[in-house]
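Here the structure is laid out as structure tokens; the discussion comes afterwards.
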Amino acid sequence: MSEELEQNLIDAQFELLLHDKDAAKLQDFLNEQGISDVVALIDRYPDNEAAIIANMAVHRASRVFKLLDISTQKSVIKELPPFKTAELLNQLSPDDRTDFLEELPKSALRDLIKLLNPEEVKITLRMLGYPEDSVGRLMTPDYIYVYETDTVAEAFRIIRKNGKNSETIDVIYVINKKGELVDDFRIRDLILASSDMKISELMDGRIIALNVTDDQEKAGHIFRMNNRVALPVVDDNNILLGIVTIDDILWVTNEEYSEDMQKMGGTEALDEPYLDTPFFKLIRKRAPWLIILFLSEMLTTTAMTHYSEEIQQATVLALFIPLIMSSGGNSGSQASTLIIQAMAVGEVTIKDWWRIMRREILSGLTLGLILGIIGFCRISLWELFHNLGFMDFSYGDHWLLIAFTVGFALVGIILWGSLTGSMLPILLKRLGADPAASSAPFVATLVDVTGIIIYFATAYFVMGQLIQSGALNMTP
């Protein structure tokens, strides 16, 4: 059966059950569907999203709810009756519940926290107290721990007792009587051990843990480097507070990637899907960067005004300003994007700045020479075609000097663009800012301004006397 046909059958059956208003059959139908199928059903029937969640078993409803967009989650909670909302929020894992609650206004947050069980209230308030984007916002206190003095048989009894409510039982954590993290091991090691063996005999002393205040981006890097499905979270005194699982890290990584792409495009990060973002909120997100970039581009006008006399004396130089500006901006944007991406996945750090600079100097010179040669050949071939009668326009008697000027200027501008684009993200990271803020438009604007200065400085160096004498003045 094709996917489209299967989807149509699900839709038809769902519509029929809605029409018949048979709650029992609707519940059975929804509980038989896969979690991803129910999420897709909510996407296709947004008017019935609350009814779908309300008619599912609460443990399955919580799994569906965590996969919905924040705007859909808010809409569902708004429409659900209070007792269903309480069931759903109490069923959610602490980390997923915290992710949702921190997106709500303070008034709504206060009302929803009242619906939680006393123990869940304590956990939620504690997690909401951790810094935004910290590991503390991601961790869950639902994990399995044993003491180093326990036997394997005692550990299995603890797993059977508490494993149902645990986020994962793949990894078992070992603590001492003070609650300090001592070690961890996979459940496979437990299964293969004899029942009378002490937990201390399974320990190898190799432990990787996250601090509760660590940045979520750092946590993602540690997960990638160590190939773990879960990591323990401790405080500054090594007290085990919770664990973070790989599914939460993957979710955060996806959000971080979306935010970085938006910032690199010259806009503030959106908190909601594009189509769900209110119009004026979208304008507020985009306008500040456009204003900053516009004011920055006005410096280009200032630079050109400074060289206005030279442009009047050598109008032919003005023909190549768009070429010069775009080439420098493009090289800067390329370098900026490469470095931001490499920093995001942990390939480079601030300490690698000198290696990056050396690499970009060589890259900038090589790319500049390539484009410089192309620019030189373009002017030379144009002049050749003019002499052969194929072109009406000529760059004049000094076309060779103009070709050298454009060629040398391209080398300098592309080298400068590569250095600027690669070093700016590192500088921002060193200052504690987001490297993605050195977006491609921002780097391009900066290189545009400096590119004008480099271009005319090169022109003065190659043919200063000709410019001053007005020998290059012509009307193209």
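The values are calculated or read from the model by the stated rules, or taken from the named source; none is laboratory data. Model, not experiment: these values are computed from the prediction. Note that we place each Cβ from the backbone using ideal geometry, even for glycine, and neighbour counts take in every protein chain shown. Remember, those area values only see protein heavy atoms, side chains included, never the ligands or the DNA or RNA. Shrake-Rupley method; radii C 1.70, N 1.55, O 1.52, S 1.80 Å.
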Which of the numbered conditions does PHE385 fail, given that it passes all the others? Conditions: (1) touching a helix residue (DSSP H, G or I) at 6+ places or on another chain (Cβ under 9 Å); (2) open to solvent by 70 Å² or more (accessible area, probe 1.4 Å). (1)
Would you mention how many residues in the stretch 69-91 are open to solvent by 10 Å² or more (accessible area, probe 1.4 Å) and without any contact (Cβ under 8 Å) to a residue 60 or more places away in the chain? 16
Could you pull out the residue among TRP353, TRP289 that is at pLDDT 75 or above, aromatic (Phe, Trp, Tyr) and open to solvent by 30 Å² or more (accessible area, probe 1.4 Å)? TRP353
What pairs can you find where one residue is in the stretch 308-322 and among the hydroxyl-bearing types (Ser, Thr, Tyr), the other is modelled with pLDDT under 65, and their Cβ atoms are less than 8 Å apart, with a gap of 6+ or different chains? THR315/LEU472; THR315/ASN473; THR315/MET474; THR315/THR475; THR315/PRO476
Going through SER326, SER363 one at a time, which residue ends up being under 23 Å from ILE453 (Cβ atoms), hydroxyl-bearing (Ser, Thr, Tyr) and crowded, with 16+ Cβ neighbours inside 10 Å? SER363
Does any residue in the stretch 214-243 that is of a type outside the set (Asp, Glu) come within less than 6 Å, Cβ to Cβ, of a residue that is part of a helix (DSSP H, G or I) six or more places away or on a different chain, and which pairs are these? GLN216/VAL252; ALA219/VAL135; GLY220/ILE249; GLY220/THR253; PHE223/ILE249; VAL229/ILE246; VAL233/VAL135
Can you confirm whether the stretch 182-193 contains a residue that is within 30 Å of the chain's Cα centre (by Cα), loosely packed, with under 14 Cβ neighbours inside 10 Å and either acidic (Asp, Glu) or modelled with pLDDT of 85 or more (or both)? no
Could you give me the residue pairs with C-beta distances under 9 Å whose first residue belongs to the stretch 457-471 and is modelled with pLDDT of 80 or more, whose second residue is buried (at least 16 other Cβ atoms within 10 Å of the Cβ) and polar (S, T, N, Q) wherever it lies, and which are 6+ apart or on separate chains? THR458/THR405; ALA459/THR405; PHE461/THR405; VAL462/THR405
Quick check: anything in the stretch 100-108 of a type in the set (D, E, K, R), under 27 Å from ARG44 (Cβ atoms), assigned to a loop (DSSP other than H, G, I, E, B) and open to solvent by 50 Å² or more (accessible area, probe 1.4 Å)? yes
Residue check for ILE199: touching a Phe, Trp or Tyr at 6+ places or on another chain (Cβ under 9 Å) and surrounded by 14 or more Cβ atoms within 10 Å (Cβ to Cβ): yes
State yes or no: is SER308 under 29 Å from SER394 (Cβ atoms), modelled with pLDDT of 80 or more and open to solvent by less than 70 Å² (accessible area, probe 1.4 Å)? no
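For (1) touching a residue at least 24 places away in the same chain (Cβ under 8 Å); (2) within 24 Å of ASP236 (Cα to Cα); (3) in contact with an Asp or Glu (Cβ under 8 Å, 6 or more places away or on another chain); (4) of a type in the set (D, E, K, R), each residue gets a yes or a no:
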position	(1), (2), (3), (4)
ASN117	yes, no, no, no
VAL121	no, yes, no, no
TYR130	yes, yes, no, no
MET139	yes, yes, yes, no
GLU148	yes, yes, yes, yes
ALA153	yes, no, yes, no
GLY163	no, no, no, no
Given (1) within 27 Å of the chain's Cα centre (by Cα); (2) open to solvent by 40 Å² or more (accessible area, probe 1.4 Å), index of the condition PRO94 fails: (2)
How do the pairs read when you match residues in the stretch 13-39 that are free of Cβ contacts under 8 Å to residues at least 60 places away in the same chain and under 14 Å from ALA51 (Cβ atoms) with residues anywhere that are of a type outside the set (A, V, I, L, M, F, W, C) and surrounded by fewer than 12 Cβ atoms within 10 Å (Cβ to Cβ), using Cβ under 8 Å and keeping only pairs 6 or more apart or on different chains? none
Filter the stretch 205-244 down to the residues that are polar (S, T, N, Q) and more than 23 Å from the chain's Cα centre (by Cα), then identify the one that is least open to solvent (accessible area, probe 1.4 Å). ASN238
Selected residue (only one of THR149, THR140 is loosely packed, with under 15 Cβ neighbours inside 10 Å and touching a strand residue (DSSP E or B) at 6+ places or on another chain (Cβ under 8 Å)): THR149
